[in-house]
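Report on the following structure.
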Amino acid sequence: MKESLIIDCDPGIDDAVALITSFFAPNIDIKLICSTAGNLGIETTTKNALHLCELYDQSIPVAKGLPGPLNTKLEIAKGVHGKMGFGNYLYKDVKTKPIALQAYKAMHYALQLYNNSTILVLGPLTNVAMLLKTYPEDAKKIKQIVFMGGTKDNVLKQEKPYPEFNISRDPEACEIVLNSGANVTIIPMDFGHYAYIDNEEISRLKSINETGAIFAKMYENYKDGHVDDDDAATHDSCATAYIIEPTLFKTEYVNAKIKFYDGKGILVSNITKRKTKIKLAVDMDYDGFKNLYYGLLSVAKTINE
Ligand code: RIB
Ligand code: CA
């Protein structure tokens, strides 16, 4: 039985890689893609999501998300994902349009049609928070919310908790999701740094297929800031891997909340023996992840192939 999936994302390079590979995962059925403001503004992330569906001939509805965080001004990831959000990979225009429904409403209706769907969030949690604020009863209709966010060990900035992008851009949204009663699994950013694609792998990507060449073009101008500029972090692909192959991960039950340090929302989680509604991925099989990454890449065919 395929996993019914709603993906909320802010493409962005690592979102794009995660989306493209998920199109070819045999065990998931993507019912809806929602754009969220984050890496770039909502117009750009929406256009980028539409482009990827066109490029890979995916007839998946795309719903446009809210223009920015619930209570703060949008601060995009300037200089990280290149001019259009896809590094040096550029495209002309998109022919398709998003559906008329706002993302959170589209999620609500999708959950009525496809009860017990999983929601995968690869950007700030603004849209999902608005869904749960507007339709709190939907928390019971969601199998689980898996989101890429926060850090596991604060290994990135030892001196103080690190404000990971997806959480720090809309901490109130994360708080709403954590307190919604939905089952939540957190995939922290540490994995995307440990399982980075190094520059040798990137040069080999070009000769695998058209998708490999597209990834290499994207990675050419991807400045994640925590791996070398000629390497590429895989944050969102790690979160997507959890949906496709959960056995690659070890998770623990946690108590999780948002704390504010220097005005930035930080996701703080503590492992507990009690069965809470929230799980944190604490380990990943890196070789297994890379096998999945290259396995899906090798079968990814664009509309031109
Ligand atoms: O911190 C990494 C996360 O922020 C990734 O999802 C990346 O795409 C950005 O959204
Ligand atoms: Ca993202």
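So the values come out like this:
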| quantity | calculated |
| --- | --- |
| Amide H within-cut-off set for Ile28, under 5 Å, with H built and near neighbours excluded | Glu3 |
| Shape parameters for the stretch 206-304, alpha-carbon atoms, Rg then Dmax in Å | 17.3, 51 |
| Between the stretch 53-117 and the stretch 218-273, the alpha-carbon center distance in angstrom | 20 |
| Set Lys31/Lys143; Lys223/Lys250; Lys97/Lys301; Lys73/Lys279; Lys47/Lys78; Lys64/Lys206 screened for pairs whose C-alpha atoms are more than 20 Å apart | Lys223/Lys250; Lys97/Lys301; Lys73/Lys279; Lys64/Lys206 |
| Spin-label proximity, Asn27 to the stretch 215-241 - amide N less than 14 Å from point 7 Å beyond Cα toward beta carbon | 240-241 |
| Long-range amide H partners of Gly87 with built H, under 5 Å | Gly82 |
| Theoretical gain in end-to-end length, Lys92 to Thr272 [0.36 nm per residue, Cα-Cα removed] | 59.8 nm |
| Under 20 Å from Lys95, Cα to Cα: aspartates and glutamates that are on another chain or at least 8 residues apart | Asp10, Glu43, Glu54, Asp57, Glu305 |
| Neighbourhood net charge (13 Å Cβ-Cβ; Lys/Arg +1, Asp/Glu -1) for Ile142 | +1 |
| Sorted peptide list for 295-302, 87-94, criterion being average Cβ within 10 angstrom, highest first | 295-302, 87-94 |
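Since every read-out is calculated from the coordinates, none of them should be taken as a lab result. What you are looking at is a predicted structure, and each value in this text was computed from that prediction instead of being measured. For neighbour counting, all protein chains shown are included, and Cβ atoms are generated from backbone atoms with ideal geometry for every residue, glycine included.
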